[in-house]
Amino acid sequence: MATTTTIVPSAGPVAGSRSFLSRLREGDEIARMITFLFAASVVLVTVLLVFELWQGSVLARHKFGFNFFHTSVWDPIFEQFGALPFIYGTLVTAAVALLIAVPLGIGAAIFLAELAPARVSDTLEFFIDLLAAVPSVIYGVLGVFIVVPLMRQYVQPALKHSLGFLPLFQGPAYGVGFLTAGIVLAIMVIPYIISVSREVLLSVPRDQREAALSLGATRWESTWKVVVPFARAGIFGSIFLALARALGETMAVTMVIGNTPTISASLLSPGYSIAAVIANEFTEATGELHTQSLIELGLVLFLLTFLLNGFARLLIVTTSRRGSGMGNV
Amino acid sequence: MQASVRPALSVNLPPIATSALARETPEALAMRMTISKLDFFYGPKQTLFDVSMGIAVNKVTSLIGPSGCGKSTLLRTLNRMYETIRGARLRGEILLDGQSILAQDVTALRRRVGMVFQRPNPFPKSIFDNVAYGLKINGSKLPISDAVEKSLRHAALWDEVKDHLHKSAYELSGGQQQRLCIARALAVEPEVLLLDEPCSALDPISTAKIEELLVQLKDICTITIVTHNMQQAARVSDFTAFLLTGQLIEFSPTPQLFTTPGDPRTEAYITGRFG
């Protein structure tokens with residue numbers, strides 16, 4: 001997706017030749033100031049957010065320092081707080097979600113944009129947009145009543161039976177856990193990936209397809225080797241959107257992850273995520289340190305999202321220097 | 001190149017086209033492609049009416065006419081590119097070397113009938129990869145780098161790009177990009193090269209280079225070019241077809257069409273009375 005660098009329109013040679021007052025009267029200057037204000041408010045909100053999280057977690061930061069990031073005890077009674085299980089749970093569930101959602105979502109987008117008749121594509125797009133608008137608590141309910149029992153009775157036993165020799169699929173089948181949370185998250189983010197990727201694929205110029213076809217490429221070769229690479233930056237954009245959503249998703253994850261701060265190699269094990277623990281404990285936190293630790297968790301989540309997004313952008317810049325036709329990030 | 005050594009097949013032409021050509025050229029010209037009684041439809045709308053003509057081997061044939069006359073449509077039937085548009089269909093017969101193009105595998109056909117488009121449309125890849133693309137998907141047995149060099153030389157681009165083959169094609173100028181697209185099309189050694197107003201997005205100097213190139217390329221393949229520029233048709237082509245509202249009005253050797261047009265409508269068009 002083309003990231004727009006916010007460029008404040010500078011007074012060009014034409015504008016410069018007129019006086020400030022006349023520019024003000026004609027509206028150019030007013031439009032410039034107002035739009036600049038709107039653009040600046042984005043930066044302002046971000047800075048305020050970080051500032052508040054930083055201020056609100058001062059006690060916890062002083063007490064635990066860097067230990068906060070690599071200790072696993074979360075004990076409100078003895079006021080010991082370590083964020084590692086939550087960071088782990090957040091990353092693992094997001095990774096599982098993307099592992100499932102990226103191939104499915106991009107595959108569906110390719111079908112809708114390249115292969116399906118226009119009417120089918122537009123109809124399905126309507127339903128996909130509808131799915132993207134479903135509140136996350138509904139997905140949570142769906143998870144609790146459908147995915148969790150299915151996982152407990154069929155999927156997890158089958159996984160243990162066939163792949164149980166891997167540390168990934170060991171331990172009792174509770175139904176809830178990292179894998180279940182990842183699957184529910186995948187269901188939630190797939191519509192984003194499909195919707196954005198489809199738009200991006202549809203916007204690939206027609207002459208790129210025709211160039212490939214005219215060289216004797218089959219329809220699939222032109223899609224896979226020309227259209228998809230051309231749209232690569234935009235498809236990555238859809239994945240970032242999905243990643244951001246998966247990292248921060250609260251309600252649905254809380255309902256199916258098991259809410260136990262454990263670090264386990266097994267995806268069947270119950271776990272916890274940053275967003276889930278904040279949602280569950282914030283209103284009931286009694287001690288000042290407990291509240292501040294939760295705020296610090298918020299700061300950690302912010303940093304995590306920030307770092308992952310930055311890393312992903314770097315990935316695009318390095319891979320699409322030549323190769324992608326759109327979105328010079 | 002392969003195309004030039006392949007024996008030319010003599011093909012039975014429909015009466016109109018044969019008479020027009022045979023009168024002007026004593027030796028019976030071999031036809032690479034033959035179009036007979038072609039009707040073309042976009043959905044319910046008919047855009048070509050009973051077009052019959054031949055594309056002579058190793059000659060440049062140009063299609064001229066005002067906007068919307070069906071010249072691009074006609075060009076796009078020759079490699080079946082029209083099939084990418086929903087609801088497009090044709091009636092009639094188009095032969096390539098005596099065989100119906102409609103009966104053959106479309107990807108095989110397009111390897112034999114290459115195309116260059118109105119706007120330069122290189123892939124967002126390096127110069128080298130652009131030219132190599134067709135070779136790679138067709139599983140060419142030739143050493144690819146030799147074939148790439150050969151195609152770039154044919155397209156008169158080699159000297160300008162040989163030192164930075166791995167730069168992005170997007171760093172080239174518009175005219176260079178269009179010559180790169182020609183090189184890309186030539187790399188798969190097509191027998192026929194179709195060009196759809198290849199200079200309409202280019203400046204005069206780039207246009208002149210491409211025109212010069214087309215005249216040279218006749219030796220290795222048969223060329224059909226759509227142009228809205230009558231001077232261009234006069235400069236580069238051996239035969240010119242004039243189309244108007246989907247009908248082939250006149251098809252003759254280029255000097256004849258521009259000096260002694262046989263139809264008053266052709267005369268009106270080339271003297272600039274419409275279009």
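The values are calculated or read from the model by the stated rules, or taken from the named source; none is laboratory data. Just so we're clear, the structure is a prediction, and the values are computed from it rather than from any experiment. In this analysis, Cβ positions are derived from the backbone assuming ideal geometry, glycine residues included, and neighbour counts consider all displayed protein chains. In case anyone asks, the SASA skips ligands and DNA or RNA and just uses the protein heavy atoms, side chains included. Shrake-Rupley method; radii C 1.70, N 1.55, O 1.52, S 1.80 Å.
Here are some notes:
- Counting every C-alpha pair in the protein assembly as shown, the share spaced more than 37 angstrom apart comes to 53%.
- Charge sum, other residues only, whose C-beta stays under 10 Å from residue B:153's C-beta, Lys/Arg counted +1 and Asp/Glu -1: 0
- Alpha carbon Rg of segment B:135-196, scaled by the compact-globule rule 2.2 N^0.38 Å: 1.10
- Two-decimal log10 I(q)/I(0) for segment A:133-175, as the Debye equation yields it once each C-alpha is a single scatterer, q = 0.25 Å⁻¹: -0.78
- Rounded to the nearest 10 square angstrom, residue A:286 shows an accessible area of 130 square angstrom against a 1.4 Å probe.
- Stokes-Einstein translational diffusion, chain B - Kirkwood Rh over all Cα pairs, 1.306 mPa s, 10 °C, in µm²/s: 83
- Other protein chain C-beta atoms within 10 Å of residue C-beta, averaged over B:117-128: 5.
- Coil-residue trypsin sites (Lys or Arg not before Pro) of segment B:54-122, DSSP, other Cβ within 10 Å capped at 16: B:86
- Segment A:133-237: Rg to Rh, with Rh as the Kirkwood radius over Cα pairs: 1.19
- When A:84, A:44 are compared by accessible area of protein heavy atoms, the largest-first order is A:44, A:84, using a 1.4 Å probe.
- Share antiparallel - DSSP beta bridges, the protein assembly as shown, percent rounded to 5: 60
- Label-point gap, in nm, between residue B:136 and residue B:263 - each point 7 angstrom along Cα→Cβ: 4.6
- Average Cα contact separation per residue, chain B, under 8 Å, 6 or more apart, as relative contact order %: 26
- Chain A: most fluctuating residue of A:254, A:305, A:318 per GNM, C-alpha cutoff 10 Å: A:318
- Taking amide H as placed 1.01 Å from N in the peptide plane, the amide H of residue B:225 sits under 5 Å from that of B:61, B:62, B:63, B:195, each at least 5 places away or on another chain.
- In this rough spin-label picture, where each label sits 7 Å from Cα along the Cβ direction, the residue A:202-residue A:132 distance is 1.1 nm.
- Largest first, the residues A:45, A:50, B:113 sort by 1.4 Å accessible area into A:45, A:50, B:113.
- Close amide H partners of residue B:88, meaning residues 5 or more places away or on another chain with modelled amide H under 5 Å apart, are B:43.
- A cut-off of 5 Å between modelled amide H atoms, ignoring neighbours fewer than 5 places along the same chain, links residue B:55 with B:32, B:33, B:34, B:35.
- Across segment B:129-138, rounded Karplus estimates of 3J(HN,Hα) from the backbone phi angles (6.51 cos²θ - 1.76 cosθ + 1.60, θ = phi - 60°) give 5, 4, 5, 6, 3, x, 5, 5, 5, 8 Hz, Gly and Pro being marked x.
- Among A:251, A:33, A:188: highest mean-square fluctuation, GNM of chain A, C-alpha pairs under 10 Å: A:33
- Whole-Hz Karplus values for segment A:39-50 come out as 5, 5, 5, 4, 5, 4, 4, 4, 4, 4, 4, 4 Hz, taken residue by residue from phi with 6.51 cos²θ - 1.76 cosθ + 1.60 and θ = phi - 60°; glycine and proline positions read x.
- Hydrodynamic radius of segment A:62-319 per Kirkwood, over alpha carbon pairs, in Å: 19.9
- DSSP bridge orientation in segment B:192-275 - percent antiparallel, rounded to nearest 5: 55
- Among the listed pairs B:37/B:209; B:136/B:162; B:71/B:136; B:71/B:162, those whose Cα-Cα separation exceeds 24 Å are B:37/B:209; B:71/B:136; B:71/B:162.
- Counted residue by residue at 0.36 nm each, then reduced by the alpha carbon distance between them, the extension gain from residue A:224 to residue A:54 reaches 56.6 nm.
- Cα→Cβ-extended label distance, 7 Å offset, between residue A:313 and residue A:71, nm: 3.4
- Of the chymotrypsin sites (Phe, Trp or Tyr not before Pro) in segment A:20-72, the ones in a loop by DSSP (not H, G, I, E or B) with at most 16 other beta carbons within 10 Å are A:66.
- Sorted on the mean count of surrounding Cβ atoms within 10 Å across their residues, most packed first, peptides A:165-176, A:263-274 read A:263-274, A:165-176.
- Think of each Lys and Arg Cβ as +1 and each Asp and Glu Cβ as -1; about the Cα centre, that makes the dipole of the protein assembly as shown roughly 800 debye.
- The mean of 1/r over all pairs of different alpha-carbon atoms in segment A:198-329, once inverted, gives a Kirkwood hydrodynamic radius of 18.0 Å.
- R0 of 30 Å, Cβ-Cβ distance residue B:146-residue B:105: FRET efficiency to nearest 0.05: 0.65
- Taking B:254, B:227, B:245 in turn, the Gaussian network model of chain B (Cα-Cα springs below 10 Å) assigns the largest fluctuation to B:245.
- Working note: Cα gyration tensor of segment A:13-56, eigenvalues times five, square-rooted, sorted largest first, giving semi-axes of 35, 9, 7 Å.
- HN-Hα J in Hz across segment A:125-135 - Karplus 6.51, -1.76, 1.60, θ = phi - 60°, x for Gly and Pro: 4, 4, 5, 5, 4, 5, 4, 5, 8, 5, x
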